[in-house]
Structures are given as C-alpha cells and as structure tokens.
C-alpha cells in the first residue's frame with residue numbers, strides 16, 4: 001500500500017473512530033498493519049465487521065480480545081505510526097509466531113507505549 005493510500009485510510013479511520021467513540025493505535029510496516037482498538041464491545045464488533053468487508057484488508061487475525069476498565073490509548077481516535085525497522089520487526093515476529101505470548105506482548109506494549117506518549 002502506498003503511503004498516500006495509508007494516509008487516506010488513517011484520515012477516514014480517525015473520523016469514523018471518533019464518531020464511534022473508538023480509540024486505538026495503528027502500526028504499518030509498509031506491508032502489514034497491526035491495530036489495537038478500544039471501545040464499547042458492540043462498537044468494536046461493528047467496526048471489525050466493517051473492516052472485514054473492506055476488500056483492502058486480507059488475512060485479518062484477531063490476536064487478543066479482552067475487557068479493560070481503562071483505555072490505554074484514550075487520547076487518540078487513531079494513533080498512527082508508519083514504516084520503520086522496529087515496527088516491521090515487531091509486526092513480522094507476531095505474524096511469524098502467532099501463538100507466541102512474547103511476540104504478542106511486545107506488539108501490544110509497543111502500541112500502548114505509543115498511546116501513552
């Protein structure tokens with residue numbers, strides 16, 4: 001996906017997420033996205049359903065679902081961080097080792113860390 005397409009996607013997603021009171025973080029390594037979504041359960045399910053119908057998205061994997069008392073990225077409708085070696089390494093490790101708790105923790109902590117910046 002070209003950077004201009006990613007920018008358009010982020011702009012549209014920010015507006016939609018804000019309207020739905022969804023917060024989170026989106027990482028893009030140049031090939032793959034990783035996203036953390038926070039919000040009311042039904043709103044997140046509705047958004048995931050919409051993402052699943054969008055032909056731009058393929059091989060969608062939900063790595064974790066859980067209930068949280070406090071949002072971790074509350075200040076962002078969608079925090080976005082684009083291609084870098086760090087993001088590529090963490091996303092690829094999670095894709096290569098989808099059952100690895102360590103890889104999942106590293107990805108989640110990276111997104112939460114960005115969310116707390």
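Here, each number is a calculation from the coordinates, and none is a lab measurement. Please read these numbers as outputs of a predicted model, since none were measured by experiment. Here the Cβ is made from the backbone with ideal geometry for all residues, glycine too, and neighbour counts use every protein chain on show.
Relative to the compact globular guide of 2.2 N^0.38 Å, what is the alpha carbon radius of gyration of the chain, as a ratio?
Numbers: Rg = 13.4 Å, N = 117, 2.2 N^0.38 = 13.4 Å.
Cα Rg divided by the expected 2.2 N^0.38 Å: 1.00.
Helices in the chain, meaning DSSP H runs of at least 4 residues, each add -39500 (n - 2.57). Divided by all residues, the mean residue ellipticity at 222 nm is -16000 deg cm²/dmol. Distance between the modelled labels on residue 58 and residue 85, one decimal in nanometres: 2.9 nm (7 Å Cα→Cβ projection). Eigenvalues of the alpha-carbon gyration tensor of the range 71-117, scaled by 5 and square-rooted, set the equivalent ellipsoid semi-axes at 20, 13, 8 angstrom, largest first.
The modelled label-to-label distance between residue 18 and residue 96, using points 7 Å beyond Cα along the C-beta direction, is 3.9 nm.
Annotation: for a label point projected 7 angstrom from Cα along Cα→Cβ of residue 40, residues of the range 8-28 with backbone N closer than 13 Å are 19-22. With a simple spin-label model that places each label point 7 Å from the Cα along the Cα-to-Cβ direction, the separation between residue 69 and residue 4 comes to 4.8 nm.
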